[in-house]
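Worksheet for the structure shown next.
What follows draws every value from the coordinates through simple rules; no lab data is involved. Because the structure is a prediction, the values reported are computed rather than measured. Positions of Cβ are generated from backbone atoms using ideal geometry, with glycine treated the same way; all protein chains shown enter the neighbour counts.
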Amino acid sequence: MAKLGKRTRAAREAFAGKQNVTVEEAVSLVKGNAKAKFDETVEIAVNLGVDPRHADQMVRGKVALPNGTGKTMRVAVFARGDKADEAKAAGADIVGAEDLMETVQGGKIEFDRCIATPDMMPIVGRLGKVLGPRNLMPNPKIGTVTMDVKEAVEAAKGGEVQFKVEKAGVVHAGVGKASFGEKELVANIRAFVDAVAKAKPTGAKGSYMKKIAVSSTMGPGVTVDVDSATAAE
């Protein structure tokens, strides 16, 4: 059996016997044990009572975290003419049309969010096999296929988080950095959980939110009491 390092042993001891804690206690534990040499991301995973193989049980959406994510978001926009200029002025990192399509087809994907104007979708549609598996495909349901590229770019740059349930029925996202204050992280977590709750699909039966866990990039996770995560501050 592999020998555990000092940091790993200390983290396990700190988390021992602490499950289904309040959001505040979970944040305190995670922050206190984020000991890596970089600013770790605080991550949340929500286990949902849905089967995403059925269309009426698909969960996806977006949320503007009140305190941002702490991450620099690289944004690409498929647009032409005035809309391309609007995207650049709003702070988009990459703007293009056929040229951008060829870049992506060549395997060069240097962005975290992809936005497109509706007239660009015939071009973007050819990239489904490349962008789809990376959850980068523009979608009107989450505001990334839009004529208001300025608002979409600014939202992405301002800390908007997109989420989509995975095959196992889990939704996860980064909700801040370990360097954030505890109150900031608590507010972000509750905002994310609230958005997932509001995205409950019509086909969901029984218990919707089964389990919530919070962790840092290199640290162990702790389960959070669902009622605490959904309670108003």
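Below, the figures for the structure above:
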read-out: Helix 81-90 vs. the chain, principal-axis angle (Cα, 0 to 90°, nearest 10); value: 30
read-out: Shape box of the chain [Cα atoms, principal axes, largest first, Å]; value: 58, 43, 40
read-out: Pairwise centroid distance, computed over Cα atoms, of region 145-203 with region 60-82, Å; value: 11
read-out: Antiparallel content of DSSP bridges confined to the chain, in %, to 5; value: 70
read-out: Extension reserve of the D119-T103 stretch, reckoned as 0.36 nm per residue once the Cα distance is removed; value: 3.9 nm
read-out: Rounded tilt (10° steps) of 23-32 against the dominant C-alpha axis of the chain; value: 90
read-out: Anisotropy class of region 50-177 from Cα gyration tensor, a/c 1.5 cut; value: oblate
read-out: Whichever lysines have a C-alpha closer than 30 Å to that of K129, once near sequence neighbours (fewer than 8 apart) are set aside; value: K62, K71, K83, K88, K108, K141, K150, K157, K164, K167, K198, K200
read-out: Rounded to 10°, Cα long-axis angle of helix 6-15 versus longest principal axis of the chain; value: 80
read-out: Protection proxy ranking, peptides 26-33, 66-73, average beta carbon neighbours within 10 Å, highest first; value: 26-33, 66-73
read-out: Relative contact order computed over region 75-157 (Cα-Cα under 8 Å; 6+ residues apart), in percent; value: 37
read-out: Alpha-carbon Rg with Dmax, taken over region 136-233, Å; value: 15.0, 42
